[in-house]
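Let me begin by presenting the structure, written as structure tokens, before commenting on it.
The values are calculated or read from the model by the stated rules, or taken from the named source; none is laboratory data. From a predicted model like this one, the values you see are computed outputs, not experimental measurements. Note: ideal-geometry Cβ built from the backbone for every residue, glycine included; neighbour counts use all protein chains shown.
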Amino acid sequence: MKKTVKAEIISIGTELLRGEITDTNAGYLASQLPLVGIELQRMTTADDDTKKLAQVLRNALKNSSIVITTGGLGPTQDDLTRESIALVMDEQLFIDAALEKHLRITFSQMGREMPPANLQQAMRIPCAQSLPNPRGIAPGWWVEKNDKVIVVMPGPPREMLPMWQNEALPRIKNRFPGEQIQARTIKTFSIQEAKVAELIHPFFGIANPTLGIYAKTDGIQVRLIAHGTDAAQLLDVNTHKIQQILSPYVWGTDTDTLGGIIGNTLSQRGMSLATMEDYTGGLLGNMITDSALSSQFYRGGLITGSDIVKIDWGIPAAIIEKKGTASCEVAEAMAAVVKDKFSSDFGLSVTGLSYKNSSGGQFEMVCIGVADAGGTKSWEQQFMWNRNDSFERAAVAALFRLRERLIDMNLLDYVK
């Protein structure tokens, strides 16, 4: 029987402890480790202090075979991850000539002179190999000594994610070969978490694959994790069964995004989309342009912050005055106007407002409009208000309504 490989994740940065930055790296990495047969022991947040961080690292190495750190690799005086690891490994930092050359070339390509402080990002210790960073300046480290491994990566997610996927993860799989584990995520919308659990209740009694249910902004997700030589087959069989039970609520799997699915559909059919949004402040357009194909189908969008702007773009003032800016009538007019102005096949709009009911509870009312060759259609939705995700939920709801319209027009299937 193979020995379980244990790991710890350390997120580094005083700004994390102060709540100035939300740590999304740790959650992502925690979801990745089980897929390579590694058991996560603990997640720790440490501030930018050499001695304190060194002690955190020593404690982690006592209990785990692999320690993964993010953050503290910048050029400023409080970026001390390298120094702390050097202290723990009892090795001296030195300037790697190849890394220094790469840094200077990178700055030169950006048309900038490299500040002297950035030279510390070319440092490493003898037991560390550098990990390339195609999205930033600071390279990561792969540290291996005394049968222990430390994976050192930058803090910004846009830099950490590709380094993890392209550099760290392949090395971990090679260094710690374990049981074959695979995962699948089924994404649903317009169905409550309790109802999902009720419908797929029999699957919770299965030992392999195991199931988990999670509430996300874009709906309820069902995650299956299978292990063993037949993991792929187990996933395929059980995924198919669950999709059949939950259809038509299923809209995608794994890394699918709403913007991507809608974009693929419109691109394949040579159709186009334009948007007009109020309340969401550009989030709707951002979700759409997240698709790599957006330039092929997305004509553009308008972000309106006032009724005056809506009227300037062609929304009848009488409708706004009579029905209110957050109304289905205004949403339909917005969708029709943007479809016409951008000469697109579809116009998609969202408008909304936050309000308090008689009991003092705060809610958001969102109105969504879709315009196409068949005319206009609108929907009104209400949610419990939450500043952290209310605007995102409104934009997601608009994309789901467009998806619903594409299904009605036989342009998109229910289950991907």
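So the values come out like this:
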{"quantity": "Count of region 348-363 residues which are in contact (Cβ under 8 Å) with a residue 60 or more places away in the chain and either surrounded by 20 or more Cβ atoms within 10 Å (Cβ to Cβ) or of a type outside the set (A, V, I, L, M, F, W, C) (or both)", "calculated": "5"}
{"quantity": "Spans of strands (runs of 3 or more DSSP E) in region 322-410 with at least 2 residues among the acidic types (Asp, Glu)", "calculated": "362-372"}
{"quantity": "Complete set of residues in region 183-207 that are buried (at least 17 other Cβ atoms within 10 Å of the Cβ) and of a type outside the set (Phe, Trp, Tyr)", "calculated": "Ala183, Arg184, Thr185, Ile186, Lys187, Thr188, Val196, Ile200"}
{"quantity": "Ile125 being among the aliphatic types (A, V, I, L, M), touching a Ser or Thr at 6+ places or on another chain (Cβ under 7 Å) and assigned by TED's automatic domain parsing to the domain that holds Asp78", "calculated": "no"}
{"quantity": "Members of region 198-211 that are of a type in the set (A, V, I, L, M) and under 24 Å from the mean Cα position of the chain (by Cα)", "calculated": "Leu211"}
{"quantity": "Restricting region 134-149 to residues that are of a type outside the set (A, V, I, L, M, F, W, C) and either closer than 18 Å to Asp79 by Cα or not assigned by TED's automatic domain parsing to the domain that holds Thr70 (or both), the residue that is modelled with the lowest pLDDT", "calculated": "Gly136"}
{"quantity": "Test: Leu57 is touching a residue at least 60 places away in the same chain (Cβ under 8 Å) and crowded, with 22+ Cβ neighbours inside 10 Å", "calculated": "yes"}
{"quantity": "Answer residue from region 150-180, given it is more than 23 Å from Met123 (Cα to Cα) and part of a loop (DSSP other than H, G, I, E, B) and is modelled with the highest pLDDT among those", "calculated": "Phe176"}
{"quantity": "Residue, nearest to the chain's Cα centre (by Cα), within region 181-197, restricted to residues that are outside any strand (DSSP E or B) and touching a residue at least 12 places away in the same chain (Cβ under 8 Å)", "calculated": "Phe189"}
{"quantity": "Any hit, region 336-350, residues being within 27 Å of the chain's Cα centre (by Cα), at pLDDT below 95 and in the same structural domain as Gly263 (by TED's automatic domain parsing)", "calculated": "no"}
{"quantity": "Single residue of Arg158, Arg223 found to be assigned by TED's automatic domain parsing to the domain that holds Gly27 and not β-branched (Val, Ile, Thr)", "calculated": "Arg158"}
{"quantity": "Any hit, region 132-140, residues being in contact (Cβ under 8 Å) with a residue 60 or more places away in the chain, touching a Ser or Thr at 6+ places or on another chain (Cβ under 9 Å) and within 19 Å of Gln32 (Cα to Cα)", "calculated": "yes"}
{"quantity": "Which listed residue is farther than 16 Å from Ile10 by Cβ, surrounded by fewer than 16 Cβ atoms within 10 Å (Cβ to Cβ) and not acidic (Asp, Glu), from Gln129, Gln120", "calculated": "Gln129"}
